[in-house]
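The values are calculated or read from the model by the stated rules, or taken from the named source; none is laboratory data. Remember, it's a predicted structure, so these values are computed and weren't measured experimentally. Cβ placement follows ideal geometry from the backbone for every residue including glycine, while neighbour counts extend to all protein chains displayed. Note: accessible area is taken over every heavy atom of the protein model, side chains too, but ligands, DNA and RNA are not part of it. Shrake-Rupley method; radii C 1.70, N 1.55, O 1.52, S 1.80 Å.
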Amino acid sequence: MRVWIWMVLCCGWVYAQTPQKNSLSFALTPEMYASLMAQSVQGSLPQTFKYETIELLVQKVYSKQNRVHLEATTKQYDALLKELKKHTVLPAKVKKECKEFSSLVMVSQGVEYILHINAKEKKPLEILYDKEACLEHFNPQEKLFIGGYNKKGVFLNANGDKKRLATH
């Protein structure tokens, strides 16, 4: 964990210094940030994440373009889905930490995170965490994809690209 924080701070420092003091034509892109973030997490896998009584086991992480994909499993699929569906706004505890967390994981620089949750004989869940996650009008239901689709009929494919369903 310390290495990960150190790498984030170093990248932030390089990013802040490059345009101001150096005449280098090098700029860190969201794709570079995503790759860095994925590589920094890989060394600590598998890792268990817990929210109240629900546990996820993240077993694989990789980056593709500006997205970090986290593949997880859970034995508590139904409880997780119930918890995710009950929120139309972020819980106060999560909203309070959202901006700080987004800054730390480079979301403000264009990195997006997609959590893929798989459980036996259940539809896969995907949760998209992007720069809209901390906005005041943010509705978590729009970023929850069950079997590839959210409540508004937007499809999230395996690459993380979103497409609206045709309505005719």
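For this structure, a couple of remarks:
- In plain terms, the chain from TYR62 to PHE101 could stretch by 12.1 nm, reckoned as 0.36 nm per residue minus the Cα-Cα distance.
- Across region 115-129, the residues whose backbone nitrogen lies under 17 Å from the label position 7 Å along the beta-carbon direction of LYS75 are 118-122.
- Taking GLU136, GLU31, GLU52 and ordering them by how much accessible surface each has at a 1.4 Å probe, largest first, produces GLU136, GLU52, GLU31.
- ASP78, ASP130, reordered so the largest accessible area comes first (probe 1.4 Å): ASP78, ASP130
- Its relative contact order, with pairs defined as Cα atoms under 8 Å and 6+ residues apart, puts region 30-164 at 20 percent.
- Under the criterion of Cα pairs below 8 Å and six or more residues apart, the relative contact order for region 68-139 equals 42 percent.
- Measuring with a 1.4 angstrom probe and ignoring ligands and nucleic acids, HIS87 comes out at about 40 Å² accessible.
- Each residue, HIS87 and ASN157, gets one label point 7 Å from its Cα in the Cβ direction; the gap between the two is 2.9 nm.
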